[in-house]
Amino acid sequence: MVSATLTVNLDSEVLELAQQEAKARHTTLPEVVTQQLRVMAQNWQDSRADKTPLTDTLRGSIKLPAGFDERAVVTEELLKKHGVQG
């Protein structure tokens, strides 16, 4: 992996807290930032794919009948929720 430099301006209090947290976890601040950015990037990719850890665990756990119209059911429930007669 090729390393790159990132310059970030932070509030001194935030920086101090982050450094203390890194030290408490026996790691470095760059490693903490790298890990956080990696997690955020993965979450962004998952959300663009309508994928979350919860949906991954639930996917396929409920069998729906053939021809089930999910959009119609969601529309009907939203109309009920907001008191609109369909």
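Out of A72, A41, A66, A22, one residue alone is surrounded by 11 or more Cβ atoms within 10 Å (Cβ to Cβ) and either farther than 30 Å from S3 by Cα or free of Cβ contacts under 8 Å to residues at least 60 places away in the same chain (or both). It is A22. As for the range 26-38, it holds no residue that is surrounded by 10 or more Cβ atoms within 10 Å (Cβ to Cβ), of a type outside the set (V, I, T), free of Cβ contacts under 8 Å to residues at least 12 places away in the same chain and not in a helix (DSSP H, G or I).
Name the single residue, out of those in the range 45-57 being assigned to a helix (DSSP H, G or I), loosely packed, with under 10 Cβ neighbours inside 10 Å and not hydroxyl-bearing (S, T, Y), that is modelled with the highest pLDDT.
Filtering the range 45-57 down to residues assigned to a helix (DSSP H, G or I) leaves 45-48, 53-57.
Right, trim to loosely packed, with under 10 Cβ neighbours inside 10 Å and you get 48, 53-54, 57.
Now restrict to residues that are not hydroxyl-bearing (S, T, Y): 48, 53-54.
Numbers: R48: 74, P53: 75, L54: 78.
Ranking the candidates gives L54 first.
For E13, the conditions (1) at pLDDT below 90; (2) surrounded by fewer than 10 Cβ atoms within 10 Å (Cβ to Cβ); (3) in a helix (DSSP H, G or I) are fulfilled apart from (1). Being at pLDDT 90 or above, assigned to a helix (DSSP H, G or I) and touching an Asp or Glu at 6+ places or on another chain (Cβ under 8 Å) holds for only one residue in A22, A72, A18, and it is A22.
The values are calculated or read from the model by the stated rules, or taken from the named source; none is laboratory data. Note that the coordinates shown come from a computational prediction; the quantities given were computed from them, not determined experimentally. All Cβ positions, even for glycine, are placed from backbone atoms using ideal geometry, and neighbour counts span all protein chains on display.
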